[in-house]
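The values are calculated or read from the model by the stated rules, or taken from the named source; none is laboratory data. If you're wondering where the values come from, they're calculated on a predicted model, not measured in any experiment. As a convention, Cβ positions derive from the backbone with ideal geometry for all residues, glycine included, and neighbour counts pool all protein chains shown. Side chains are part of the model used for accessible areas, which takes the heavy atoms of the whole protein and leaves out ligands, DNA and RNA. Shrake-Rupley method; radii C 1.70, N 1.55, O 1.52, S 1.80 Å.
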Amino acid sequence: MNLKFELANDIKDKIKLTKDERLYYVVPYDINENANWNNKSYLIVTTKRILVYDGEKISASYNISDCKKAYTKSQVGCGMLVVNHKGVEKHVVSYSAKHLSRYAYISRGINILISGRFEEVESHEYEKTCPICGRAIPGTKTCPKCSKQGGFLKAFLRMAKPYKMDFLKIFMLMVLVAITTLLNPEIQKHLINDVLKGNGGMKKALVYLGVMFSLSVSIVIINILKSNGSTKLGAKIAADLRLKLFKKYQELPISFINERRPGELLDRITQDTKFIREFMEDVFCNLFAILFIFIWDVIFMLVLNVKLALLTFIFVPVVVVMIIGFRDTAYRIFHLQRRKSDDVSSDLQDVISGMRVVKTYGKEEIEAERFKHLSSEFANTQRKNEQFWAIFQPIISFLMGMGVVIVVYFGGNDVFAGKMSPGELYQFIAYTLLLFQYINWMSWMPRQLTMLTSSLERINDILTQDVYVEDESKVKDVAIKGEVTFDHATFGYKSYQPVLEDINVTIKPGEMIGIVGASGTGKSTLINLLMGLYEVDDGRILIDGIDMKDIKKKSYHSQIGVVLQETFLFSGTIIDNIRFSKPDATYDEIVKAAKMANAHEFICKTPDGYNTYVGEKGYSLSGGERQRIAIARAILTNPRLLILDEATASLDTESEFMIQKALERLTNGKTTFAIAHRLSTLKAANRIMVIDGHRIAEIGTHEELLMNKGIYYNLYKAQVS
Ligand SMILES: Nc1ncnc2c1ncn2[C@@H]1O[C@H](COP(=O)(O)OP(=O)(O)OP(=O)(O)O)[C@@H](O)[C@H]1O
């Protein structure tokens, strides 16, 4: 997200930077003091001042040294930046919702300057609206309308690069097809002129027929080889793209995955790669052969009879203009169709994974109705798309076909006038028919290319996303002892909405800390940060005094264990699921872990013991059983840091007892973060941390917090009574 827009020179002159003053942020604001839309107005932040440029003049200026704090206020569809200037809250600028994130960064940047530091804030978020056309960007990194110019060929070449040799082989076969195809009319001319006009005998005729036969057989053989090669190449490219996308999904930050709908991500792997494969099989394998034939065909026609050739091409410019004219419409409809397809896939995915809830509440009909609506919207766009091509393509074929009529009429006249031999006219008509046969094929090209462009764009949107790559020279393997420090840690899922602010706490190695607080206060967020799923926006998380960012992710994750309320089991056997945390664990290690997790007994009672297949999400196991598998998973890696998120919530007393016992074994001597709503489950905790109002509201032992008579005391009282 751009935080430093380019300023015109006349505005720069008005800022009048002093000698040691630097320009840090320049961002537009679009609502003026009368609540009207505003253009070309900027908020400018230098190392010393906050300036407001209202489109004509610098209308306000605040010295940073006089400010205490900057913050943003979100309102419906808009927001405002406020600074505390000389003790008075000053409204600096207002902006529409599209700038909410941008101003969150700016207020953070101003606060850093207020605190006397000079780090510049950067934003890795993408723009939500296109800076060129101003439209909302619909689920892709760049605006589909503005990005498509010139980008397609590059994207295609980038995709094709690893398969150079395969492309070359197919290309050679295409050239062979073209040569053999173009030779046929030449032989036919000789057959008519040399043999049929009475100059040659049966022997000569048989020779020509033999050559024609051999050419036809060669065309068939080369075509088979070519189609085979293209099919293989198409399947190979599609498989490679699927794998690349899959790997990329795993590398992308969880925030990116959360922002996209599952169906949309799924469609890019299944549908878009399928379009590319189909393009390779149906279009690409003929593309160059046809272009080659086309060019030579035109040359032959011009050599044979220039006048006739030019008359044949009379409609070509009309067709080209039509194709260019309708390119944008075709592109837009295709993009819409792909998005509607995403909607259908996402809804289907939602309903299938939430089928239990749907059935429990008897909402099958409502869901079917919703699906029907989405499906018919998709069908409508698909219909519009097909209708468009159903009209467009025959018009193009018709226009091009008119050329044959012209050839027959004018060519016939030339033969009658003795300017052309019948063989030459036959050859010319053969070339014209060939030309129109391929033009007809090419009239499908805009459609195929639009499909390919749209799919390539959606695939590239994912593949070109920036991912955080560890700098091998900076990160290191660390044997964790277990001290965890939150040092002024601040984080929000949305940059303008902090969930946790200025968290400061140190947890000693082996300490168990309970995390409590009302629902939605940020308990899970705290452990999400600790699990490395998100990075803090400000401040640091230190593990044994080392910034988490400087520890190799693989090394860190191999030393943490997690037991969450909802245990996700992959489709596979129980043993596979336990082994997930440590793929090289031996059978004995797994059984030992399962015994410690109080899981061995129930596993032995399942039909195939450790080899029992647990279906998708492990539905065939009870909540308590799944939980114990998760504990066994955690035990297996002997983690130094343990994260328990309501591990015993919603379990019956017996299960809870079994799990408590297993957890006691697991947590022994390990730094443990345990979230709990039922405070009784935190008896073993050394300290308890209460989160409220984005911050740590209270921290201490159970007894200390009770004596405080604060939030914890009230929560405890409410639960006991
Ligand atoms: N992936 C997400 N994207 C955006 N906002 C989120 C996300 N996850 C949580 N939030 C928001 O962050 C806030 C804190 O959520 P969090 O899950 O950390 O609360 P919690 O204290 O664990 O709640 P609970 O006790 O109900 O589980 C909530 O307002 C929630 O809506």
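For the chain, the fraction of alpha-carbon pairs lying more than 44 Å apart is 47 percent, rounded to a whole number. What the chain shows is 51 Å² of accessible area per residue, with the surface traced by a 1.4 Å probe over protein heavy atoms. Let me make sure I get this right: for segment 154-297, a, b and c are the square roots of the gyration tensor eigenvalues over alpha carbons, sorted descending. Under 1.5 in a/c it's rounded, otherwise prolate if a/b > b/c, else oblate. Which is it? Prolate shape, in that a/c is at least 1.5 and a/b is the bigger ratio. Among the listed pairs Lys12/Lys40; Lys474/Lys553; Lys476/Lys523; Lys476/Lys553, those whose Cα-Cα separation exceeds 18 Å are Lys476/Lys523. In terms of its alpha-carbon gyration tensor, segment 9-114 comes out oblate; a/c meets the 1.5 threshold, while b/c is at least as large as a/b.
The length gained on full extension between Asp240 and Phe570, counted as 0.36 nm times the residue separation minus their Cα-Cα distance, comes to 116.4 nm.
Placing R0 at 22 angstrom, the Cβ-Cβ distance between Ser115 and Ala697 gives a FRET efficiency of 0.40 after rounding to 0.05.
Excluding residues fewer than 8 places away in the same chain, name every one of the lysines whose C-alpha is closer than 19 Å to that of Lys384. Within the straight-line cut-off, Lys384 pairs with Lys340, Lys372. A straight Cα-to-Cα reach below 29 Å connects Lys419 with the lysines Lys189, Lys197, Lys204, Lys307, residues fewer than 8 places away in its own chain not being considered.
If you sort Val351, Val207, Val27 by accessible surface, 1.4 Å probe, largest first, the order is Val207, Val351, Val27.
Note on surface exposure: Tyr438, Tyr361, Tyr71, Tyr95 rank Tyr361, Tyr71, Tyr438, Tyr95 by accessible area, highest first, 1.4 Å probe. In the assembled protein chains, Arg260 presents an accessible area of approximately 30 Å² (probe radius 1.4 Å).
Quote the relative contact order of segment 567-638 in percent (integer), defining contacts as alpha-carbon pairs under 8 Å separated by 6+ residues. Answer for segment 567-638 is 53 percent. Summarised in one figure, the compactness ratio Rg/Rh of segment 421-470, Cα atoms and Kirkwood Rh, is 1.51.
Residue-normalised convex hull volume from the C-alpha trace of segment 567-638: 70 Å³ per residue. Please list, in order, the residues from segment 48-74 whose amide nitrogen is less than 13 Å from a point placed 7 Å along the Cα→Cβ vector of Arg22. Counting backbone N atoms under 13 Å from the label point, the list is 48. Length gained on full extension, Arg327 to Leu291: 10.9 nm, using 0.36 nm per residue less the C-alpha separation.
Between the alpha-carbon centres of segment 661-701 and segment 35-94 there is a gap of 42 Å.
Computed from the Cβ-Cβ distance with R0 of 35 Å, the FRET efficiency linking Ser214 to Gln382 stands at 0.15. With the simple spin-label model, which puts each label point 7 Å out from Cα in the Cβ direction, the Cys130 to Ala390 separation comes to 3.0 nm.
Estimated from the Cβ-Cβ distance and a Förster radius of 30 angstrom, the FRET efficiency linking Ser558 and Met1 is about 0.30.
Sequentially through segment 81-90, phi angles give Karplus couplings (6.51, -1.76, 1.60; θ = phi - 60°) of 9, 10, 10, 8, 10, 6, x, 10, 6, 10 Hz, Gly and Pro residues having no value and appearing as x.
Per-residue accessible area (protein heavy atoms, 1.4 Å probe) orders Phe246, Phe167, Phe371 as Phe246, Phe371, Phe167, starting from the largest. Of all aspartates and glutamates in the structure, those lying under 13 Å Cα to Cα from Lys552, and not within fewer than 8 positions of it along the same chain, are Glu470, Asp471, Glu472, Asp477. From its DSSP helices (H runs of at least four residues, each -39,500 (n - 2.57)), the chain gives a residue-normalised ellipticity at 222 nm of -17000 deg cm²/dmol. When nucleic acids and ligands are ignored and a 1.4 Å probe is applied, Arg242 ends up with an accessible area of around 100 Å².
Starting from a Cα-only point model with no solvent, please compute log10 I(q)/I(0) by Debye for segment 276-420 at q = 0.12, 0.13 1/Å. Debye intensities relative to I(0), on a log10 scale: -0.74, -0.81. Could you pull out every whole DSSP H run in the chain that spans at least 15 Å of Cα extent along its own axis and averages 1.6 or higher on the Kyte-Doolittle scale? In the chain, the long hydrophobic H runs are 285-304. Here Asp13 sits with roughly 110 square angstrom of accessible surface, probe radius 1.4 Å.
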